[in-house]
Structures are given as C-alpha cells and as structure tokens.
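Every number here is computed from the coordinates shown, using simple stated rules; none is lab data. Predicted, not measured: the structure shown is a model, and the values here were computed from it.
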C-alpha cells in the first residue's frame, strides 16, 4: 500500500508524515499544520494498512468539521503572514553568519527574523510568536480588564500570553491569568469567551454549576464557542 502524502479537503491541503515507533502503540496527531501518523513497528501487513486507513479516515472526518472561514492558518516562513484580531504580520527571514537567532518588529507589522547559518525554518515559528506575544500583550490586558470591569469586578494578578499546547487558559491561586498565544488566531468572540472563562475562575476555582452560571451571564453563547474550540483547536497547535 502506498500511503498518501497529503489530504485535500475543502481547499485545504494537509501534509501527512509517517513515523515508526518502537512501542506497541500507534497514534495520530496534528502538529504545525501537518498530520503525523506514528505506527508501531509491531503493526505489519494487513493490520498496518488497516491502521493507516483508520487514521486517515479519522483525520478527514476531523477536518470536515473545521470552520474554514473562522481563521487563517499562520505561515511561519519568509514571505508568510500571521493574521490576528487587530493586525496582519508579515514575516521576513534572512540567514547569515550571526552567533544567535534574532527577531524584531519593524513598522508595527513587519517581523524581521535573522537566523544563524546552521538554523532551519523550524526556528522561525518561536521567534515570530515571541515578537507577537510582546506586541499583543497590551491588547490582551485591555480585553481582560474590560470584561472584568463589566462582569466580575475582581482583583487581578498578572495577565500573560504563553505558548500553550494542551489548553487555552489558566487561573492560578495568586489570581494570575495566562492565555494561549494561539487564541489570537481564533475568532474574536472565541478569544473573549476564553477570557471570560478564566475570569470566572477568580470567583469559582472549579467547573461547578455556579461557575457555568457566572460564565453564562457574561457570555450567553458560551456553548457555541466551546464547540468551536473542540472542533477547531487541533489545527491551532
């Protein structure tokens, strides 16, 4: 069986990469806009082909549910763009003989990346995100404080963007609120909902009925945005 190298759905093209694992377990993940299928070395013959087909069917079903009009996938490369709520950043990458990688924001919208000679394109993504996190921090704080004043009136600790892969926000016992950088890629309403979700934890550090009642007062459509995150968040990793 020749395994497909791409999956095409609704105008979107996803590269498929195959890996072999020494363990008994096979798996499929979405990473950096690619589908990664890891196959156990003990999976051979017809069972291996059935396993690959099962993973590909699952991926196609998952992609079918994506709301393609809601966000634009970032292009972390020279000439690429990152679309956020209030800016579209353009990326310029140069490779030279410097001793370290360097990133800087020019003219509000242009992110200039300088890579060491031995660097690869994989180094571009964290450098771009670092610049955008710094540039968008004031936007995050203004949204969180606005929503807090409107619905919660709670004392706030630190408010930060972080590069998270397993969740979109967190609230600590010190009242610090952390939000995933990738929320800047989601629809604005989804971003505001996650801010409301974490602010509600300042009153209820759980997911009780009382907590969800607080969320619903501030955002009556929260179930719609929870559904959006469930269906689309795998593409933001």
Indicate, rounded to the nearest 5 percent, the antiparallel portion of the DSSP beta bridges found entirely in region 81-236.
50 percent
log₁₀ I(q)/I(0) of region 6-64 at q = 0.26 Å⁻¹, via Debye over equal Cα point scatterers, no solvent, to two decimals?
-1.08
Extension length gain for residue 21 and residue 107 (0.36 nm per residue less Cα distance), in nm, is 26.4 nm
Here P(r) for the chain, Cα-Cα distances in 5 Å bins, as whole percents, is 1, 6, 12, 14, 14, 14, 13, 12, 8, 4, 2, 0, 0
So for region 15-59: antiparallel DSSP bridges make up what percent, rounded to the nearest 5?
45 percent
Distance from the Cα centre of region 70-96 to that of region 186-210, in angstrom?
28 Å
Which value in deg cm²/dmol, rounded to the nearest 500, describes the helix-derived mean residue ellipticity at 222 nm for the chain, given -39,500 (n - 2.57) per DSSP H run of n ≥ 4 and division by the residue count?
-11000 deg cm²/dmol
Degrees, to the nearest 10: 124-147 long Cα axis against longest axis of the chain:
30 degrees
Whole percent per 10 Å bin, from 0 to the bin with the longest distance: what is P(r) over all C-alpha pairs of region 106-234?
11, 40, 31, 13, 5, 0
